[in-house]
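A.B. asks: Take a look at the following structure, please.
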Amino acid sequence: MPVFTSLYHGDYEPVDEAEIDGMPIIDTFLVDRIVSLNVFGCPRTSLENHSAKSTSESPHHTCGIFIKASHINHSCYSNARRSFIGDMQIVRATRNIPAGSEIVFWYAIPGPNYTYEKTQEKLKNWGFQCTCAICQQSKKIKKNVSSKRLALLEDLKAAFGNRTGADLPKAERILNAVEKTYTELASEVPRLALWHPYLRLTRIYCSKNQQDKVIETAWKVLKSLGFEIKRQNPLSLRSPFDFEQWGLMEDCLIQIWIHLWTAYAQVAPGLCKKAEEYAKVTYKICIGEDDTYDETYGKLAHEAMFEGVDLGEAFQSMAFMR
């Protein structure tokens with residue numbers, strides 16, 4: 001169902017235009033429907049929103065109607081990403097979009113542990129049910145499998161404990177068990193419950209200076225979000241790589257590329273440049289521009305490589321990088 005739906009919806013009936021003192025009367029119901037279905041709530045800039053995600057103060061939000069963007073339909077498995085700079089909305093592809101395919105992005109970001117019902121509840125304002133691959137998988141999952149997955153994720157919280165006392169081998173075993181609760185390939189249906197735990201592992205291994213484990217878990221974040229990686233040597237994480245498919249564009253991917261960039265600097269310097277390039281591309285897609293890249297993530301990456309800054313700790317503690 002398109003976002004820009006029929007303006008005459010439900011029990012509403014159009015009325016003849018009337019005037020007061022020669023000025024047309026504005027139909028407030030019609031205006032409310034247009035606003036409800038088509039207005040974008042947005043920050044002053046996407047960087048501002050990105051920077052404030054983990055702070056107690058929300059960024060000052062604005063809203064507006066963007067006529068062309070209002071025609072873009074929803075999908076949890078989006079292939080585009082919107083960003084804002086002032087009153088300009090930028091829509092960029094996040095995956096290869098074949099000719100004739102529809103451009104889609106999420107109206108509400110799918111949560112890692114959302115049930116099918118909760119996802120549809122968040123979308124009810126627009127009057128449709130999402131039928132993307134993620135929702136279809138969520139809808140058909142058996143109750144016992146769902147319960148098992150949730151129980152494993154609770155066990156995972158205990159295994160992580162705190163940063164210094166985490167039982168990492170146990171955490172990895174639990175994540176392997178969570179992987180087995182999925183049936184479809186991650187390249188076909190992203191595994192949303194897994195990317196954040198793997199991100200947490202990446203941060204911890206980075207703080208421990210275990211660079212091979214940083215690379216391994218960073219790639220697992222990408223894979224769980226639907227990225228399909230091709231390596232010249234499939235058995236080596238240090239092998240030159242490329243993508244056969246891009247996946248969901250979560251903000252965390254900027255972090256992941258920075259982790260890969262700094263890890264490769266120690267174990268496979270020939271791959272640094274490519275990781276840095278992907279970091280900049282991801283930043284531009286998520287933030288809308290890359291002029292501020294060097295003063296945010298780029299600066300931190302150089303501090304980690306040349307000044308001994310703990311990148312894992314920095315990402316954990318700095319609001320704009322959570």
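A.B. asks: Can we say Asp290 is in contact with a helix residue (DSSP H, G or I) (Cβ under 6 Å, 6 or more places away or on another chain) and either assigned by TED's automatic domain parsing to the domain that holds Cys252 or surrounded by 18 or more Cβ atoms within 10 Å (Cβ to Cβ) (or both)?
C.D. replies: yes
A.B. asks: While we're here: Consider Arg92 carefully, then state whether it is at pLDDT 90 or above, surrounded by 18 or more Cβ atoms within 10 Å (Cβ to Cβ), under 30 Å from Tyr182 (Cα atoms) and not hydrophobic (A, V, I, L, M, F, W, C).
C.D. replies: no
A.B. asks: Could I ask something else about it? Is it true that some residue in the stretch 282-298 is among the aliphatic types (A, V, I, L, M) and under 23 Å from Arg191 (Cβ atoms)?
C.D. replies: Looking through the stretch 282-298, at least one residue is among the aliphatic types (A, V, I, L, M) and under 23 Å from Arg191 (Cβ atoms).
A.B. asks: Please enumerate the residues belonging to the stretch 196-240 that are out of contact with any strand residue (DSSP E or B) (no Cβ under 8 Å at 6 or more places or on another chain), over 14 Å from Phe315 (Cβ atoms) and in a helix (DSSP H, G or I).
C.D. replies: Matches in the stretch 196-240: Pro197, Gln211, Asp212, Lys213, Ile215, Glu216, Lys220, Ser224.
A.B. asks: Here's a follow-up. Tell me the residue from Ala177, Ala158, Ala171 that is modelled with pLDDT of 95 or more, surrounded by fewer than 20 Cβ atoms within 10 Å (Cβ to Cβ), more than 22 Å from the chain's Cα centre (by Cα) and not in a loop (DSSP other than H, G, I, E, B), please.
C.D. replies: Only one candidate qualifies: Ala177.
A.B. asks: Pairs under 6 Å by beta carbon, first residue over 22 Å from Arg44 (Cα atoms) in the stretch 58-85, partner among the charged types (D, E, K, R) and modelled with pLDDT under 95, six or more apart or different chains?
C.D. replies: The qualifying pairs are Asn79/Arg95.
A.B. asks: Just for the stretch 54-72: of the residues that are surrounded by 11 or more Cβ atoms within 10 Å (Cβ to Cβ) and not in a loop (DSSP other than H, G, I, E, B), which one is modelled with the lowest pLDDT?
C.D. replies: Per the criteria, the residue is His61.
A.B. asks: Test of understanding: among Leu260, Leu253, Leu271, which residue is in contact with a Pro (Cβ under 9 Å, 6 or more places away or on another chain) and modelled with pLDDT of 95 or more?
C.D. replies: Leu271
The values are calculated or read from the model by the stated rules, or taken from the named source; none is laboratory data. Please read these numbers as outputs of a predicted model, since none were measured by experiment. Note that each Cβ is placed from the backbone with ideal geometry, even for glycine, and that neighbours are counted across all protein chains shown.
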